[in-house]
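One structure is given here, and the rest of the page talks about it.
The values are calculated or read from the model by the stated rules, or taken from the named source; none is laboratory data. Just so it is clear, the model here is predicted, and its values are computed rather than measured. All Cβ positions, glycine included, derive from the backbone under ideal geometry; neighbour counts span all protein chains shown. Heads up: the accessible areas ignore ligands, DNA and RNA and are worked out on the full protein's heavy atoms, side chains in. Shrake-Rupley method; radii C 1.70, N 1.55, O 1.52, S 1.80 Å.
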Amino acid sequence: MSQSILVAVAWPYASSEIHVGNITGAYLPADILARYHRLRGRNVMMVSGSDSHGTPVTVKADEEGTTPEEIYKRYHDDFIKLFQKLGLTYDIFTSTHTSNHFDVAKKLFLALKENGYLYTESSLQWYSLEQERFLPDRYVEGTCYFCGRTGVRSDQCDFCGQLLEAEKLIDPKSKIDGSTPVLRETIHYYLDLEKLQDRVADFLRERRDYWRPNVIRQSLGQIDREGLHGRPITRDLSWGIPVPVEGWEGKCMYVWFEAVIGYLSGVIEWSLLHDEPDVWRRWWTNPDSKTFYCIGKDNIPFHAIIWPAELIGVGDSFDVMMGAEDPEPLVLPYDVPANEFMNLEGHKLSGSKNWAVWGLDFLERYDPDPMRYYLTVNMPETRDSDWDWDEFYQRNNNELVATWGNLANRVLSFAFKHWDGNVPEPGELREEDLALLATIREGFSSVESSLEAVKLRAAIQEAMRLAAEVNKYLDTTGPWFEVKTDKSAAAKSIFTAMQAIDWLKIIFSPFLPHTSEQLHAILGYEKPIFGKTVTRDVADDLGSHLVMLYDPQGALTEGTDDCWTPEPLTPGKPFNQPAPLFKKLDASIVEEERARLGV
Ligand SMILES: [Zn+2]
């Protein structure tokens, strides 16, 4: 059985659009990893969905006078549209608003409760007498008790930045009708993180040598400094997953508690949709399964502390509930390669202030691979990075077009013309030809070690360096002139360059899948490298939801063959008329795009 790889991707909130910061932070690195591991013949499951619950969705619904369901579906459907255009190959992208997710979340809740990791506690919360309901923090505004500003949200002051204890807010008002709420006692379930602290710390210590330092600092560092304390996991809300305990009607699980459970429920949904109801265990109860969590740094505590704590607390109880004869515990995260943030033109990206490059909007004007390229070379892996339109323009023209795209186009056009659309017969290769091929062959190992360590920036830089090596080789051998005096020498140079390009196509394919497929087809291969994503409407007790699925059928990477290998190119093999892979951009786009931002 080949290695199981779970690529668990942050769940976008179904209440705001996706911008380049979100894409480079979590979604794109996940797809690069998933595609790379598929090339290796591993059993990949890339899972995520829309985080459809919580107050951001209900606030938006109230503002627009519609239902939370309509809000979440609108964003959810747009997410899928964007992911398909960008070529993100989720095995399943679903939603938290599904019967299956409700069921799995309830099971986990009950397992934690039965295993003694939940307790209840009372606290004071703002209650609207007019509406006869508790008001979530975001529904109450008032005066900050630190700085005295008015119109401040009850959980955090945007003016002085202080986190607020909602019940201390001065002169509170309901955002819904302006009425004055009163404090009332309410009871909630808490996750007993204190009880789980030692095991979570052990889990982190076992991984500290290979995790990113920032992730260890924000998790193990926090435990060492402050220890862990119980956190409420229920809310007085009606939009969400009901607490599965009698007498708790009208309360829901808190979003941060249930959304992470989607990594498990999503895989179960995938299994059910493929009529293999037990196959989720391949990723979730198989001790050899490796699970990667692709997230932004704001999500580190949830994925490096709280989610592992939930999994440890559940242990093998979930597998028992799912009818296992030999129950196994749920698999803990192997790596949480969280990224830092991306800024825009030197300033903090902000969706609410419209200071952003929006995914769908960008793809109206540009192709997906240039975005993928720029976001990978600029990925905020160890520190914040910056989207700069001038740099985007430069890198597109000088690297994608000049170094890689022109190389492929120039060599294939030349070969197509002079060898009538067939790969030239090289005869015996010269020393310089063998040296270039050895360099590219070694590239499979060097790019592999970066990808295995989730160093995607280094990986794509290495791939681009290899492309530059082929250009250098062509500058030396000069087949464009050789062909006039010694066609057999030119055949050796062009064959060697074509072989190198054919290999580089595989090396580039996790990063630049659209153009790699295009090149693959030009080179005359029938099977595409990767499969396709499809969408399906799934009906259940809660209505219906759209899912996006990855279908590997008919692709080179279907099955367990290792395709990350330098396969020999066949001399004499026919190929197709080439076309440029990338478009050269005009310098005017820099000013146009900056004007669009209002600079
Ligand atoms: Zn304040």
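Across the chain, the relative contact order, built from alpha-carbon pairs under 8 Å that are at least six residues apart, equals 18 percent. The figure for Asp177 is an accessible area of roughly 70 square angstrom, using a 1.4 Å probe on the protein chains alone.
Peptides 125-138, 221-234, 25-38 ranked from most to least packed give 25-38, 125-138, 221-234, packing being the mean of other C-beta atoms within 10 angstrom over each peptide's residues.
Cross-link check: pairs Lys113/Lys251; Lys297/Lys348; Lys81/Lys107; Lys532/Lys583; Lys505/Lys532 evaluated at a Cα-Cα cut-off of 26 Å; pairs beyond the cut-off: Lys81/Lys107.
Using only protein heavy atoms and a 1.4 Å probe, report how much of Leu569 is accessible, in Å² to the nearest 10. In the full protein context, Leu569 sits at about 10 Å². Secondary-structure-derived ellipticity at 222 nm for the chain, considering helices only, amounts to -13000 deg cm²/dmol, per-run term -39500 (n - 2.57) for DSSP H runs with n ≥ 4. Among beta bridges identified by DSSP and lying wholly in the chain, the antiparallel ones come to about 65 percent. Summarise the accessible area of the chain (1.4 Å probe, protein heavy atoms) by the percent that is carbon and sulfur. Its accessible area is 47 percent carbon and sulfur atoms. Think of a 1.4 Å ball rolled over the protein heavy atoms: region 389-538 then has 40 Å² of accessible area per residue.
Taking Cβ separations below 4.7 Å as the criterion for a possible disulfide partner, the isolated cysteines in the chain are Cys252, Cys294, Cys563. For region 323-391, trypsin sites (Lys or Arg not before Pro) are listed when DSSP marks them as loop and at most 12 other Cβ atoms sit within 10 Å of their Cβ; the list is Lys353, Arg383.
Shown here for region 494-599: trypsin sites (Lys or Arg not before Pro) in loop regions (DSSP other than H, G, I, E, B) with at most 14 other Cβ atoms within 10 Å, namely Lys583, Lys584. Using the Stokes-Einstein relation with a Kirkwood hydrodynamic radius computed over Cα pairs, the translational diffusion coefficient of the chain at 25 °C and a viscosity of 0.890 mPa s comes to 94 µm²/s. Farthest towards the positive end of the charge dipole of the chain, among the residues Ile261, Pro172, Val357, is the Cα of Val357, using unit charges on the Cβ of Lys, Arg, Asp and Glu. Protection proxy ranking for 327-337, 82-92, using the average of other Cβ atoms within 10 Å per residue and placing the highest first: 82-92, 327-337.
Rolling a 1.4 angstrom probe over the protein heavy atoms with all chains in place gives region 162-296 an accessible area of 46 Å² per residue.
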